[in-house]
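Worksheet: the structure to be examined is printed underneath.
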Amino acid sequence: MQIEPGVSLKPYNTFGLPAVAGQLVRIRSEADARAVVDHPELGLAPKFVLGGGSNVILTRDMPELVLKVEIPGMRLVAETDRAVIVEFGAGERWHDAVAWTLDQGWPGLENMALIPGTVGAAPVQNIGAYGLELQDRFESLDTVDLVTGRTVTLNAAQCKFAYRDSIFKRALAGKSLITRVRLRLPKRWQPVLGYLDLERKMEETGKHQPDARTIFDWVCSIRRAKLPDPAQIGNVGSFFKNPVVTPEQCRDIIARDPHVVHYPLEDGRFKLAAGWLIDACGWKGKTVGHAGVYDKQALVLVNRGGAIGSEVQTLARAIQESVYGRFGIRLEMEPVMV
Ligand code: EPU
């Protein structure tokens, strides 16, 4: 185990924000994680677990010990008549994992192509896109408890998945490090095509029974057209969650603006498109300091070049205030602000 002092985290967060880790240790195996916990000094130090840095806004240097998860591995661990179970090291890039499963002939993750970040970070916010969430394909995961050093395996119920949320953002935040994630891919594959953008692709191409590879390609092209590539423009994907409101609140908002984009949920409530609300407040394309609102999707904040975390924070608050002022809705942030 190597302790690296004074490491710039700018290349390790997709918004490209400047911050320095006082100490950083790369975790390449479960044994590395246990070694940190057992270490006489590091064991007691406050810790911050960093995956692909695609869901974090760094507003300060990090006095905590930063654990950068780089555990590799992609393998088949079990196969039944009904499903294959695949396992990934937490440090693998999520998109590479999706592509690998398709290459092996195991569809099921194609709707979640091109989501930035690592496999280990995927359960933290229960990533999702185009009608599918991680929890729909989840089997189990292993963590190392950062206090005891013990390996603990959690199933889906124990992870407490919800919309862009899990136990790792709450009770276990900073207390455990995800080392391996197992996913279940059903053999009787059913395409998930209910999302408007995918329906449009079916109409455009005339392909009404696309295979998984075609859906993968469609999702990649939809995302490339709408969302900025973090390698070129710093961003963390959606910056706010889509708010969920009661039918009464929804009626109230429709009365304020009949065009508001809303989707009924199974429990009778409605999900509103946060991007639409922000757009309606005139934010699309706006810039504050060196941070701005992406011109093709108001839900995404971007680094216009040289942004610092506090500018992103100021912009995010200004957006929250104006959406609250106009619609009475409090937008909740999706990334973790540190
Ligand atoms: N809209 C606007 N103006 C905008 C942005 C959106 O009017 O500036 C409208 C769109 O026209 C559309 C609606 O709002 O009618 C919803 O927009 P979109 O279909 O682009 O999806 P989203 O709700 O903005 C969510 C996820 C994305 C995911 C897509 C596809 C959240 C917070 N975001 O976005 O996830 O890729 O659906 O499933 O749930 C992420 O979490 O980082 C992320 C990118």
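The values are calculated or read from the model by the stated rules, or taken from the named source; none is laboratory data. Values in this document were obtained by computation on a predicted structure and should not be read as measured data. Here the Cβ positions follow ideal geometry from the backbone for every residue, glycine too, while neighbour counts run over all protein chains shown. What goes into the accessible areas is simple: the full protein's heavy atoms, side chains included, and nothing from ligands, DNA or RNA. Shrake-Rupley method; radii C 1.70, N 1.55, O 1.52, S 1.80 Å.
Which longest run of the chain has no exposed loop site in it, a site being chymotrypsin sites (Phe, Trp or Tyr not before Pro) in a DSSP loop with at most 15 other beta carbons within 10 Å, and the site itself not part of the run?
1-162
Report, in deg cm²/dmol and to the nearest 500, the calculated mean residue ellipticity at 222 nm for the chain, where each DSSP H run with n ≥ 4 adds -39500 (n - 2.57) and the sum is divided by the residue count.
Roughly -7500 deg cm²/dmol at 222 nm, from the helical runs in the chain.
Output the DSSP H helices from the chain with an along-axis C-alpha extent of no less than 20 Å and a mean Kyte-Doolittle hydropathy no less than -0.5.
212-226, 309-327
On the full set of protein chains, 1.4 Å probe, figure out the accessible area of CYS281 and give it in Å² to the nearest 10.
Surface open to solvent at CYS281 totals about 40 Å².
I'm checking a number: the convex hull volume of the Cα atoms of the range 1-57, normalised per residue, in Å³. What is it?
So the per-residue Cα hull volume is 85 Å³.
What's the whole-number percent of alpha carbon pairs in the chain lying beyond 31 angstrom?
Distances greater than 31 Å cover 36 percent of the Cα pairs.
So what's the range 74-186 giving for Cα Rg divided by 2.2 N^0.38 Å, two decimals?
The range 74-186 yields a ratio of 1.00.
Please compare each pair in LYS241/LYS296; LYS241/LYS284; LYS160/LYS226; LYS160/LYS271; LYS169/LYS286; LYS160/LYS286 to a cut-off of 26 Å on the Cα-Cα distance and tell me which ones are over it.
LYS160/LYS226; LYS169/LYS286; LYS160/LYS286
Which percent of the accessible heavy-atom area of the chain goes to carbon and sulfur, probe 1.4 angstrom?
Roughly 50 percent of what the probe reaches on the chain is carbon or sulfur.
Roughly speaking, what is the stretch gain from ASP252 to LYS10, that is 0.36 nm per residue apart minus the C-alpha to C-alpha distance, in nm to one decimal?
Working it through step by step, the gained length comes to 82.8 nm.
Keeping all protein chains in place, calculate the accessible area per residue for the chain (probe 1.4 angstrom), answer in Å².
Using a 1.4 Å probe on heavy atoms only, each residue of the chain averages 46 Å².
Starting from the amide H of GLY52, placed 1.01 Å from N in the peptide plane, find each other amide H under 5 Å away whose residue is 5 or more places distant or on another chain.
THR118, ALA121
Report, to one decimal in Å, the Kirkwood hydrodynamic radius for the range 234-337 based on all distinct Cα pairs.
Its Kirkwood hydrodynamic radius stands at 14.0 Å.
Would you kindly derive the ³J(HN,Hα) couplings of the range 271-285 from the backbone phi angles with the Karplus curve 6.51 cos²θ - 1.76 cosθ + 1.60 (θ = phi - 60°), listing them in order in whole Hz, with x for Gly and Pro?
9, 9, 7, 4, x, 5, 4, 5, 4, 4, 8, x, 7, 4, x
For the range 1-133, divide the Cα radius of gyration by the Kirkwood radius and give the resulting Rg/Rh value with two decimals.
Ratio of gyration radius to Kirkwood radius: 1.03.
THR148 to ARG213: FRET efficiency via 1/(1 + (r/R0)^6), r the Cβ-Cβ distance, R0 51 Å, to the nearest 0.05?
Efficiency computed from Cβ-Cβ geometry: 0.70.
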